[in-house]
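Before any comments, here is the structure.
The values are calculated or read from the model by the stated rules, or taken from the named source; none is laboratory data. Everything numeric in this text was worked out from a predicted model, so none of it was measured. Note: ideal-geometry Cβ built from the backbone for every residue, glycine included; neighbour counts use all protein chains shown.
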Amino acid sequence: MKWALIGASTIAAQHMIGAFRAQDGGEVVRVVSGSADRAAAYAGEHGIPGSGSDLAEALADPEVDAVYISSTNEKHHAQALAAIGAGKHVLCEKPLAMSVGDAVEMVRAAEDAGLVFATNHHLRCSGSHRAVRTLIEDGRIGRVLSARIHHAVHLPANLQGWRINAAEAGGGVIPDITVHDADVARFLLGEDPETVAAQMGASGMGQGVEDSAMSVWTMPSGAMVMAHESFTHPFAGSGLEVHGTEGSVFARGVMTQRPVGEIELVTKAGREPVPFPDHGLYGQGVRQFVDAVAGKGTPAATGWDGVKSLAVALAVRDSARTGARVTVDYGGAA
Ligand code: NDP
């Protein structure tokens with residue numbers, strides 16, 4: 001598959017270019033940036049043959065099969081619609097858009113055009129999260145009562161730009177991390193949050209946007225999910241817990257970009273470590289995307305998964321702003 005990068009981004013440089021090239025026949029043939037000079041420098045640094053600032057020109061290239069959109073969040077919507085209009089498959093970064101309506105429009109446009117559209121939710125591609133889901137599906141913890149997700153990290157200095165000071169670019173911890181946690185909860189529990197009650201604040205980094213959030217979500221089964229996201233916690237570590245009538249799962253250090261961490265299952269039989277495969281998270285996501293384009297299965301996280309994670313995140317922000325419990329509006333998502 002030949003890819004065009006839309007956005008000369010850190011995530012593409014650190015994880016995605018390698019993941020695209022690791023697939024059989026995988027190539028990155030173009031990069032598009034807002035600045036032609038920056039695109040050329042980025043292309044030179046990463047060995048990409050084509051570069052420029054003209055999106056239409058890149059999309060007119062018949063060699064390009066698919067695009068990976070990792071620009072700042074406010075640009076995803078227009079860029080995805082342009083790519084779909086040009087007949088390209090789309091792997092889009094989270095959050096898909098600034099509003100649920102825009103995200104729905106993107107996903108429907110791809111469906112109407114018969115193109116694959118996926119969301120780059122990497123956590124559900126990890127061996128650890130898949131192992132936790134299997135424990136739940138196999139009934140090892142009985143009926144799920146609650147889950148806790150702690151995803152309070154310290155934003156690295158090189159990422160302390162638009163995320164902490166540009167609401168108009170989609171900054172803030174809620175569009176950045178709460179979307180991932182919403183996807184994790186949906187993936188693990190197999191159901192969509194119904195209502196959320198939230199608080200948010202700025203605890204040292206956020207300038208006009210929130211850098212910390214805590215929320216509680218109710219699920220249709222009656223289970224409750226507690227989520228904590230932050231940019232300002234250097235030593236908190238990350239993890240998730242799922243508690244059921246017959247057992248509890250503790251997964252420590254697993255809210256990360258790497259295949260690390262440890263899982264423990266606790267039941268009346270005692271404590272047992274749970275092994276999991278250590279494949280790359282982003283590589284797995286790209287593999288499933290390539291397969292989906294070839295007609296084999298669906299992407300790890302579909303466009304509708306991206307719509308739903310965004311809907312939960314925006315409900316969290318709405319609840320935190322208003323102080324009211326909010327019913328999640330999925331915008332008619334399938
Ligand atoms: P970056 O800030 O690195 O890149 C975003 C855009 O900012 C780029 O497209 C680029 O614009 C511009 N930019 C970046 N560096 C510079 C620079 N030195 N000078 C000038 N402009 C610059 O963002 P991230 O890579 O962290 O995030 C990009 C997207 O990916 C976001 O939507 C984010 O939510 C998502 N993301 C997803 C992750 C995941 O695990 N799924 C992890 C990290 C991010 P231009 O292209 O115009 O040059």
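So here's what we get for this one:
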item: Single unsatisfied condition, residue 21 versus (1) within 11 Å of the ligand (Cβ to nearest atom); (2) without any contact (Cβ under 8 Å) to a residue 40 or more places away in the chain; (3) surrounded by fewer than 19 Cβ atoms within 10 Å (Cβ to Cβ); result: (1)
item: Top-ranked residue in region 288-318 [being surrounded by fewer than 24 Cβ atoms within 10 Å (Cβ to Cβ) and hydroxyl-bearing (Ser, Thr, Tyr); ranked as farthest from residue 98 (Cα to Cα)]; result: 298
item: Residue check for residue 208: at positive phi, touching a strand residue (DSSP E or B) at 6+ places or on another chain (Cβ under 8 Å) and in the same structural domain as residue 168 (by the TED database); result: no
item: Filtered residue count, region 70-84, keeping only those that are within 12 Å of the ligand (Cβ to nearest atom), assigned to a helix (DSSP H, G or I) and surrounded by fewer than 24 Cβ atoms within 10 Å (Cβ to Cβ); result: 4
item: For residue 102: the one exception among (1) surrounded by fewer than 23 Cβ atoms within 10 Å (Cβ to Cβ); (2) in contact with a Gly (Cβ under 6 Å, 6 or more places away or on another chain); result: (2)
item: Residue satisfying condition, being touching a residue at least 12 places away in the same chain (Cβ under 8 Å) and either crowded, with 21+ Cβ neighbours inside 10 Å or over 28 Å from residue 237 (Cα atoms) (or both), within set 181, 192, 112; result: 181
item: Region 219-233 residues that are part of a strand (DSSP E or B), paired with ones that are basic (Lys, Arg) (beta carbon under 7 Å, 6 or more apart); result: 226/148
item: Cross-chain or 6+ apart pairs with Cβ under 8 Å, region 269-288 first and of a type in the set (D, E, K, R), then assigned to a loop (DSSP other than H, G, I, E, B); result: 278/259; 278/260; 287/23
item: Yes/no for residue 285 being crowded, with 19+ Cβ neighbours inside 10 Å and in contact with a Pro (Cβ under 8 Å, 6 or more places away or on another chain); result: yes
item: Any hit, region 103-113, residues being modelled with pLDDT of 95 or more and under 21 Å from residue 209 (Cβ atoms); result: yes
item: Residue satisfying condition, being of a type outside the set (S, T, N, Q), closer than 30 Å to residue 243 by Cβ and away from the ligand (no atom under 16 Å from the Cβ), within set 142, 87; result: 142
item: Filtered residues of region 32-64 (kept if near the ligand (Cβ under 9 Å from one of its atoms) and either more than 26 Å from the chain's Cα centre (by Cα) or of a type in the set (Ser, Thr, Tyr) (or both)); result: 33, 35, 42, 53
item: Sole residue being assigned to a strand (DSSP E or B), more than 11 Å from the ligand (Cβ to nearest atom) and touching a residue at least 60 places away in the same chain (Cβ under 8 Å), chosen from 29, 67; result: 67
item: Residues of region 120-178 classified as without any contact (Cβ under 8 Å) to a residue 60 or more places away in the chain, surrounded by 17 or more Cβ atoms within 10 Å (Cβ to Cβ) and among the hydrophobic types (A, V, I, L, M, F, W, C), total; result: 2
